[in-house]
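Read through the structure below, which is laid out as structure tokens, and then see the notes.
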Amino acid sequence: MDKSMMSYFIVLALLALAPLCFSHKFQGGYLYPQFYDRSCPQVEQIVKSVVAQAVARDRRMAASLLRLHFHDCFVKGCDASLLLESNGNIISEKGSNTNRNSARGFEVIDEIKAAVEQACPHTVSCADILALAARDSTVIAGGPNWQVPLGRRDARGASLSGSNNDIPAPNNTFNTILTKFKRQGLDLVDLVTLSGAHTIGNARCVSFRQRLYNLNGNGKPDFTLDRAYAYELRNQCPQSGGDQNLFFLDYATPFNFDNSYYKNILAYKGLLNSDQVLLTKNQESMQLVKQYAENMELFFDHFAKSMVKMGNISPLTGPKGEIRQYCRSINNY
């Protein structure tokens, strides 16, 4: 074989292996960014366009779509189980304590799915749409960009108990939250980094009320909450009533994806208990909060890496699961 022919075969071999350089191996197959390059090359542009329109209509939507991906991945893996409605043997995760009256953006996912189905029928999973929408929401809000590994398939079931037990709650202790992250193969850096998603979005009064009035059952507010900030919050979050009243998670720049969330925590103005404990309950966590408050590039770099890592939690690949035609219900066949 002459040198030119040898070079030709080497190039072919390298091209064949190229997707693996960006892939993440699981039992049953790979996730990699080029998964739809041939079967649906326009999918990323479709998702980006619909997300941009949705956020233009409602600035809260960026945070809502990011949260959907998080709440999906922490229950049985990133498999779009969160999107399913109750039907037959399926009890929807939308009714869990962490999602009821707060998870939103489902109609945007429906809109994306309809557009993708029109372009590429029976090809792109709802789970991948969630992952892409989370990335695009982050970018639109001013945050980092990253390549999203793709190739997930959709679950044919949901887990209400998993949603109640596996998703970190605002009033969980630091150790409980860390345990829930470790259960998913994530670590303390991922915990502190992904908490930074609270640089955009809102929380309900019911999520932090006890910090204002009776944190430890002694009738006193949380001493780690700035007193002036607590007084301001009490005006709109009374001891009873007003459960659904909304408050910015980052009061400083509520619609900008930046590092002011960590600056707020250093000023003892983290809204949720789960935010403030990042500073007060663990030395390593405290150091990360300080680093991210000082260095937004570092936070962005870590956030992108942790989002890819979270997006790789127990995906269904290969013959497992299905490609739903409608994201809210399993296929009937």
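The values are calculated or read from the model by the stated rules, or taken from the named source; none is laboratory data. Bear in mind the structure is a predicted one, so any value in this text is a computation, not a measurement. No Cβ is skipped: glycine too gets one built from the backbone with ideal geometry, and neighbour counts run over all protein chains shown. Ligands, DNA and RNA are stripped out before the accessible areas are found, and what is left, the full protein with its side chains, is counted by its heavy atoms. Shrake-Rupley method; radii C 1.70, N 1.55, O 1.52, S 1.80 Å.
The figures follow:
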item: Residue match in the stretch 114-128 (condition: buried (at least 18 other Cβ atoms within 10 Å of the Cβ), closer than 16 Å to S81 by Cβ and out of contact with any Lys or Arg (no Cβ under 6 Å at 6 or more places or on another chain)); result: no
item: Per-region count, the stretch 306-333, residues open to solvent by 70 Å² or more (accessible area, probe 1.4 Å), touching a residue at least 60 places away in the same chain (Cβ under 8 Å) and farther than 20 Å from D110 by Cα; result: 4
item: Near pairs, Cβ below 7 angstrom, 6+ apart or cross-chain, from the stretch 74-101 (more than 9 Å from G157 (Cα to Cα)) to any residue that is among the aromatic types (F, W, Y); result: L83/F106
item: Test: residue in the stretch 250-264 that is open to solvent by 20 Å² or more (accessible area, probe 1.4 Å), assigned to a loop (DSSP other than H, G, I, E, B), without any contact (Cβ under 8 Å) to a residue 60 or more places away in the chain and more than 24 Å from A62 (Cα to Cα); result: no
item: Evaluation of G270 against (1) of a type in the set (G, A, S); (2) under 24 Å from the mean Cα position of the chain (by Cα); (3) open to solvent by 20 Å² or more (accessible area, probe 1.4 Å) (one fails), failing number; result: (3)
item: The listed residue being at pLDDT 95 or above, open to solvent by 50 Å² or more (accessible area, probe 1.4 Å) and among the β-branched types (V, I, T), out of T193, T176, T199; result: T176
item: Whichever residue in the stretch 125-169 is closer than 22 Å to V51 by Cβ and among the basic types (K, R) and, among such residues, is nearest to the chain's Cα centre (by Cα); result: R135
item: The stretch 103-132 residues that are part of a helix (DSSP H, G or I), paired with ones that are acidic (D, E) (beta carbon under 6 Å, 6 or more apart); result: C126/D154; A127/D79; A127/D154; L130/D72
item: Which numbered condition V11 fails, given (1) at pLDDT 95 or above; (2) open to solvent by 70 Å² or more (accessible area, probe 1.4 Å); result: (1)
item: S161 being open to solvent by 60 Å² or more (accessible area, probe 1.4 Å), without any contact (Cβ under 8 Å) to a residue 12 or more places away in the chain and more than 30 Å from R324 (Cα to Cα); result: no
item: Among (1) open to solvent by 50 Å² or more (accessible area, probe 1.4 Å); (2) modelled with pLDDT under 55; (3) within 23 Å of the chain's Cα centre (by Cα) - the single one S23 does not satisfy; result: (1)
